[in-house]
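Inspection log for the structure reproduced underneath, given as C-alpha cells.
Please treat every number below as a calculation from the coordinates, not as lab data. Please read all numbers here as calculations on a predicted model, not as lab measurements. Neighbour counts are summed over all protein chains in view; Cβ atoms, including those assigned to glycine, are modelled from backbone coordinates with ideal geometry.
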Amino acid sequence: MKRQMLALAATLAALGAMPTGAQTLSFAKAEDAIRYRQGAFNVMGAHFSRLGAMANGRVPFNAKAAAEHAEVVETLSRLPWSAFGEGTDKGAPHRAAPAVWSDSAKFRQGAERMQAEVAKLGTAAKSGNIDQFKAAFGGAAQSCKACHDNFRTEQRSGG
Ligand code: ASC
C-alpha cells in the first residue's frame, strides 16, 4: 500500500514537471506535426499581415481591429513549437532547416523572443497610439525575420 502511494506520488511529481496546456501536443505521425505547425504559422501570418498593413499605412489604423488580430497572433505564437519534435524533419514537404534540431537552444530562444514581442503588440494596439503600435509591430516583425533567416530554407524538403 505504502509502495503504491509512493509510486503514485512519483508519477504525479513527474507529470507536474512536464509542460502542460493546450499549446503542448504530441502527434501520432510526423506528418501530423508538420501540417499542424504549418497551419499555425499560416494563420498567424494571415493576421500578422493585416497588422502590417495598418503599421505601414496601407489601411487606416483601427485600434479595435488591431487588438483582435494581435490577440489571434499571440495565441497562435504559443502553438507551433511542440510540433518540432525529433523525427519531424521528414513526413511531409516543409521548409524547416536542419538547424531547428541541431541548434535547438537557439531555435527555442528565437521562439521565446517572438512570443515576447508579439505579446507587446496587443497592448500597443489597444493603446490607440499609432507610434507605439508601429514600434511594437517592428519588433515583432524583426523577431519573425530572425527565425526565417536562421531556421527556414528556400526549398521544401522532407516529403
Ligand atoms: C508577415 C509574415 C511574416 C512576417 C515576416 C516579418 O506578414 O507573414 O512571416 O510578416 O515577413 O519579417
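Kindly indicate which of Val72, Val59 is in a helix (DSSP H, G or I), touching a helix residue (DSSP H, G or I) at 6+ places or on another chain (Cβ under 6 Å) and within 30 Å of Ser127 (Cβ to Cβ). Result: Val72 is the single residue among Val72, Val59 that is in a helix (DSSP H, G or I), touching a helix residue (DSSP H, G or I) at 6+ places or on another chain (Cβ under 6 Å) and within 30 Å of Ser127 (Cβ to Cβ). Selection within the range 41-75: residues that are near the ligand (Cβ under 9 Å from one of its atoms) and of a type in the set (S, T, N, Q). The member of this set that is farthest from Ala22 (Cα to Cα) is Ser49. Residue check: Ser77 meets all listed conditions (1) within 19 Å of Met44 (Cα to Cα); (2) surrounded by fewer than 19 Cβ atoms within 10 Å (Cβ to Cβ) but one, namely (2).
For the range 111-159, filtered to residues that are among the acidic types (Asp, Glu) and surrounded by fewer than 17 Cβ atoms within 10 Å (Cβ to Cβ), the residue that is farthest from the ligand (Cβ to nearest atom) is Asp131.
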